[in-house]
Amino acid sequence: MLELWQLYKSGTWVEDFLSLSIDLFVGASFILYIMIIWSRNRNIKQEKLRAAYTIIIEKLMFSMIFEDTALSVIKEDKNYITLSNKSFFREVAAESIINLHKNYEGIYAEKLEDFFKESGLINDSIKKLRSFNWEIKCKGITELAEMNVTGVFDKILAVSKARNKTLKITALNACVKLAGVKGIVHLTEHPFPIDEWTQINIIHAFKKHDIGDTKGVELLLESQNTTVVTLGLKLIKELKLSQKAHFVAALAAKAPNAQIQYEAENILQALNS
């Protein structure tokens, strides 16, 4: 210990220390520079590939949609055969097909959904749904909901009970799209408060997807969770469900608290007017 103190006082270590520090700094800077160049080149290459892959996918999809080219013929296309096993191509293909699906309805949308399933892209989305990373899980849920994959409803319903707010909203929106009211009636037993932002997103999902069958919305009014009751009242009001007025009247007559009673009476008045 005394020797170390003497060495420190002598100052002979300073030159070596500075030299080592400079060497480490220069080395770290060089490695960082190489990483930046590599990352930039990789991104440029990916963007070029993305553009090329998008052209191939859109050409095949337009052929299938507007020229009635059979799925079997599409899958035999030489470009598709060559690229279909590449993960990045499949990622771009899924994004392109989902974006196209947002712009089409009826038979055109159904053809895209069929290709999504037949090509195996659905399996990639299901794999994302199983991910432990909530952002990847959200992406998988969004893809499956957009492509109307009702077979995964129960799995998405389970995810909608997550504590992560973004994941919860994404899953609830997907449940509404896939199953309408069935996607939210489980909230009657929800033990935690549903915040304002989540309620707004659920209401927006009903409006966006134009859910026609609202049978069961009134069940939310029976929840012991007052925030779920509030959500039910807001849905009835925003969707103008005048046929649910007698349920609102029953709630107003036996409201659990003054706030709920006030909300129910106001909504009842709006429905009757």
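Going by accessible surface with a 1.4 Å probe and the largest first, Arg130, Arg42, Arg50 read Arg130, Arg42, Arg50.
The stretch 137-216 and the stretch 15-34 have Cα centres spaced 53 Å apart. Per residue, the solvent-accessible area of the chain (1.4 Å probe, heavy atoms of protein chains only, all protein chains present) comes to 61 Å².
In the structure shown, the pairs Lys102/Lys155; Lys48/Lys161; Lys161/Lys207 are assessed against 28 Å; a Cα-Cα span above that value is assigned to Lys48/Lys161. Ligands, DNA and RNA left out, the accessible area of the chain computed with a 1.4 Å probe is 57% carbon and sulfur. Within the straight-line cut-off of under 19 Å between alpha carbons, the lysines reachable from Lys75 are Lys59, Lys86, Lys111, Lys117, sequence neighbours fewer than 8 places apart in one chain being disregarded.
Which one of Glu67, Glu105, Glu146 has the biggest mean-square fluctuation once the chain is modelled by GNM with Cα springs under 10 Å? Largest GNM mean-square fluctuation: Glu67. With springs connecting C-alpha atoms under 10 Å apart, model the chain as a Gaussian network and identify which of Met61, Met147, Met35 has the largest mean-square fluctuation. Comparing Met61, Met147, Met35 in the GNM, the peak value goes to Met35. With every protein chain in place and a 1.4 angstrom probe, the accessible-area ranking of Lys117, Lys127, largest first, reads Lys127, Lys117. Per residue, the chain reaches -23000 deg cm²/dmol at 222 nm when only DSSP H runs of four or more residues are counted, each adding -39500 (n - 2.57). Once the C-beta distance of Ser242 and Thr150 is scaled by a Förster radius of 35 Å, the resulting FRET efficiency is 0.75 to the nearest 0.05. Between helix 196-208 and the chain there is an angle of about 70 degrees, using the helix long axis and the longest principal axis of the Cα atoms. Largest GNM mean-square fluctuation across Asn99, Asn225, Asn257, computed for the chain with C-alpha springs under 10 Å, falls on Asn257. With contacts taken as Cα pairs under 8 Å at a separation of at least 6 residues, the chain carries a relative contact order of 9 percent.
Modelled this way, with points 7 Å down the Cα-to-C-beta line, the labels at Ile74 and Glu110 are 1.4 nm from one another.
In plain terms, the chain from Lys48 to Glu196 could stretch by 49.0 nm, reckoned as 0.36 nm per residue minus the Cα-Cα distance.
The values are calculated or read from the model by the stated rules, or taken from the named source; none is laboratory data. Computed from a prediction, not measured in an experiment: that's the story for all the values here. Don't worry about glycine lacking a Cβ; one is built from the backbone with ideal geometry, like all the others, and counts go over all protein chains shown. These area figures cover heavy atoms from the full protein model, side chains too; ligands, DNA and RNA do not enter into them. Shrake-Rupley method; radii C 1.70, N 1.55, O 1.52, S 1.80 Å.
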